[in-house]
Amino acid sequence: MQMRILGATGERLSALGFGCMGLVGWYGRRDDDESRATLLAAMDAGVTHFDTAASYQVGENERFVGSVIRGRRERVFLATKCGISRGADGSLAVDNHPTTITASCDASLERLGTERIDLFYLHRIDTRVPIEESVGALSRLVTAGKVRYAGLSECSVQTLRKACAVHPIAAVQSEYSLWTRDPERGILAACRELGVALVAYSPLGRGFLAGNFRSLADLPAEDARRSMPRFQDANAAHNVAIVDSVRELAKRKGSTPAQLAIAWVLAQGEHILTIPGMKTRKHLTDNLGALAVSLTRVELDELRAIVERTPVHGERYPPVMQQALDH
């Protein structure tokens, strides 16, 4: 297993981590037996970094992950997040008040069945609360021994700098992939400067870049991706050209599209770790193969040029969630 250092912490984590969001829903039907087998197989393969959140399936994701890693906790670097909740109507509420952060931490510890969270993120930034106050709450949780490291998710460069002045930030989590290059507008460089890891989620474009589906018709009725603009029919019909180009290069390379896409993200900096979502052992095996893919400068440039030639159509999220980014 390739290992990378988590920012300035000295913590060595598997370069390929495990995004747990889809394990018990969100992306299609739930299969607890396969999800459990996939998590255990990942641990056996040397994956050490597992990422969940309080908001995933309203805490059910944390309960599931906690139940699977019980008895193997010492082999797992466990990350979770606080600060957002979703209403029954899909509405998004962001709350970074110190009392909320503290209560959320205690609730996550109980659901996960652990005494300490390795990396605790603010899932989104609450513009109503000074970041200094929110990070102060994270700092107190570290002092109390409930959390080892503090992190932020989808924050601006300005917010990161303010946060680092209060307490060391181990990682910023942001969506980063061949077709989501937002971190290149500043946060990627700021992380490198400040000694902060960039944890890249959705390096496979939520499965689209891997060729797992090509249109809404390929997704189950309950799949959350149906609400995301990039996968709506007109946008997907345009964006599939990106997937086809990636597939062609992967074929020449002797790899799969998923392996190529993950290898590209990892090649953008040694301070980057990835947490692709996985819910089957088949996808786990495919993704692990990315660690054996070495890209030349010509290949890296060719992959970057694919999206520059065919710019992606559609926002990453529906409007209410899109508005919660980069604060």
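The values are calculated or read from the model by the stated rules, or taken from the named source; none is laboratory data. In this text, all values refer to a predicted model and were calculated from it rather than measured experimentally. Don't worry about glycine lacking a Cβ; one is built from the backbone with ideal geometry, like all the others, and counts go over all protein chains shown.
Scan segment 136-187 for residues that are in contact with a Leu (Cβ under 8 Å, 6 or more places away or on another chain), closer than 15 Å to residue 121 by Cβ and assigned to a helix (DSSP H, G or I) and jot them down.
Within segment 136-187, 138, 159, 160, 163, 164, 187 meet the criteria.
Within the set of pairs 6 or more residues apart or between chains, which connect a residue that is under 15 Å from residue 315 (Cα atoms) and acidic (Asp, Glu) inside segment 221-250 to a residue that is in a helix (DSSP H, G or I) and at pLDDT below 90 with Cβ atoms less than 9 Å apart?
233/216; 233/217
Please go through segment 72-87 and give me each residue that is touching a helix residue (DSSP H, G or I) at 6+ places or on another chain (Cβ under 8 Å) and among the hydrophobic types (A, V, I, L, M, F, W, C), ordered by number.
Within segment 72-87, 76, 78, 82 meet the criteria.
Mind telling me which of the residues 75, 70, 36, 30 ends up being of a type in the set (Lys, Arg), surrounded by fewer than 23 Cβ atoms within 10 Å (Cβ to Cβ) and at pLDDT 95 or above?
Going through 75, 70, 36, 30 in turn, just one is of a type in the set (Lys, Arg), surrounded by fewer than 23 Cβ atoms within 10 Å (Cβ to Cβ) and at pLDDT 95 or above: 36.
So which residues in segment 293-327 are without any contact (Cβ under 8 Å) to a residue 12 or more places away in the chain, closer than 24 Å to residue 267 by Cβ and not basic (Lys, Arg)?
296, 298, 301, 305, 308, 311
Mind listing whichever residues of segment 83-135 are under 20 Å from the mean Cα position of the chain (by Cα), of a type in the set (S, T, N, Q) and not in a loop (DSSP other than H, G, I, E, B)?
85, 104, 108 - these are the residues of segment 83-135 that are under 20 Å from the mean Cα position of the chain (by Cα), of a type in the set (S, T, N, Q) and not in a loop (DSSP other than H, G, I, E, B).
Does segment 11-19 include one or more residues that are assigned to a helix (DSSP H, G or I) and either within 27 Å of residue 140 (Cβ to Cβ) or in contact with a strand residue (DSSP E or B) (Cβ under 8 Å, 6 or more places away or on another chain) (or both)?
no
Find all pairs meeting these conditions: Cβ atoms under 7 angstrom apart; at least six residues apart or on different chains; first residue within segment 271-288 and in contact (Cβ under 8 Å) with a residue 60 or more places away in the chain; second residue of a type in the set (Asp, Glu).
Matching pairs, first to second residue: 275/51; 279/34; 280/34.
So which of 249, 266 ends up being surrounded by 16 or more Cβ atoms within 10 Å (Cβ to Cβ), modelled with pLDDT of 90 or more and farther than 29 Å from residue 57 by Cα?
The unique qualifying residue is 249.
Can you tell me which residue among 212, 235 is farther than 29 Å from residue 5 by Cα and modelled with pLDDT of 90 or more?
235
Scan segment 116-170 for residues that are under 22 Å from residue 76 (Cα atoms) and among the acidic types (Asp, Glu) and jot them down.
118
Anything in segment 38-63 that is more than 23 Å from residue 150 (Cβ to Cβ) and assigned to a loop (DSSP other than H, G, I, E, B)? List them, or say none.
Correct list: 45, 46.
Any residue at all in segment 37-55 that is among the acidic types (Asp, Glu) and either within 18 Å of residue 118 (Cα to Cα) or touching a residue at least 12 places away in the same chain (Cβ under 8 Å) (or both)?
yes
Got a sec? Which helices (runs of 4 or more DSSP H) wholly within segment 208-306 have at least 1 residues that are closer than 28 Å to residue 77 by Cβ?
By residue number, 257-266, 281-288.
Given the residues 66, 7, which is the only one that is under 17 Å from the mean Cα position of the chain (by Cα) and either outside any loop (DSSP other than H, G, I, E, B) or more than 22 Å from residue 224 (Cα to Cα) (or both)?
Going through 66, 7 in turn, the sole match is 7.
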